[in-house]
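K.L.:
Just dropping this structure here.
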Amino acid sequence: MKKILLVCSGGMSSAIVVKSIEKEALKAGMELEVKAIGTGQYEDEVRGGWDVVLVAPQVRHRMPVFEATAKELGIPIEVISPQGYSPMGGPKVLAQIKKML
């Protein structure tokens, strides 16, 4: 089971993206736990043993802050492309996760 942390502005707009990723992972036979959080929860939550951190396009301006903590913890981190951050973006984001793992 791989743990994926998705950081967005409020943690709720990502619910559709999370479902899309989980659906694609199920099709691919991958066991993933995907959790969406808001930027304010990041510093505490990222220390919870995550394998990958994905950052939503709308908060990419905060990437240097997120990246510093992720690097300190040895967690790969990337911004999701705008095309991946959609209800139909599951395949694109899952491919990104596979590369990061």
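The values are calculated or read from the model by the stated rules, or taken from the named source; none is laboratory data. Keep in mind it's a predicted model, so treat the numbers as computed, not measured. Virtual Cβ from ideal backbone geometry, glycine too; neighbours counted across all protein chains shown.
K.L.:
So GLN83 passes all but one of these: (1) without any contact (Cβ under 8 Å) to a residue 24 or more places away in the chain; (2) over 20 Å from GLY10 (Cα atoms). Which condition number does it fail?
P.N.:
In the conditions (1) without any contact (Cβ under 8 Å) to a residue 24 or more places away in the chain; (2) over 20 Å from GLY10 (Cα atoms), GLN83 misses (2) alone.
K.L.:
Go through segment 19-101 and tell me which strands (runs of 3 or more DSSP E), entirely inside it, have 1 or more residues that are of a type outside the set (A, V, I, L, M, F, W, C). Steps first, please.
P.N.:
Values: elements: 32-38, 52-55, 77-79.
It comes to 32-38, 77-79.
K.L.:
Does PRO64 meet the test of being in contact (Cβ under 8 Å) with a residue 24 or more places away in the chain and out of contact with any Lys or Arg (no Cβ under 6 Å at 6 or more places or on another chain)?
P.N.:
no
K.L.:
Within segment 81-88, is even one residue small (Gly, Ala, Ser) and at pLDDT 95 or above?
P.N.:
Within segment 81-88, not a single residue is small (Gly, Ala, Ser) and at pLDDT 95 or above.
Okay, residues lined up against (1) of a type in the set (S, T, N, Q); (2) at pLDDT 95 or above; (3) in contact with a strand residue (DSSP E or B) (Cβ under 7 Å, 6 or more places away or on another chain):
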{"position": "LYS2", "(1), (2), (3)": "no, yes, yes"}
{"position": "VAL18", "(1), (2), (3)": "no, no, yes"}
{"position": "LYS27", "(1), (2), (3)": "no, yes, no"}
{"position": "VAL46", "(1), (2), (3)": "no, yes, yes"}
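K.L.:
Can you tell me how many residues within segment 14-36 are buried (at least 19 other Cβ atoms within 10 Å of the Cβ), of a type outside the set (Gly, Ala, Ser) and over 14 Å from SER86 (Cα atoms)?
P.N.:
Final tally of qualifying residues: 2.
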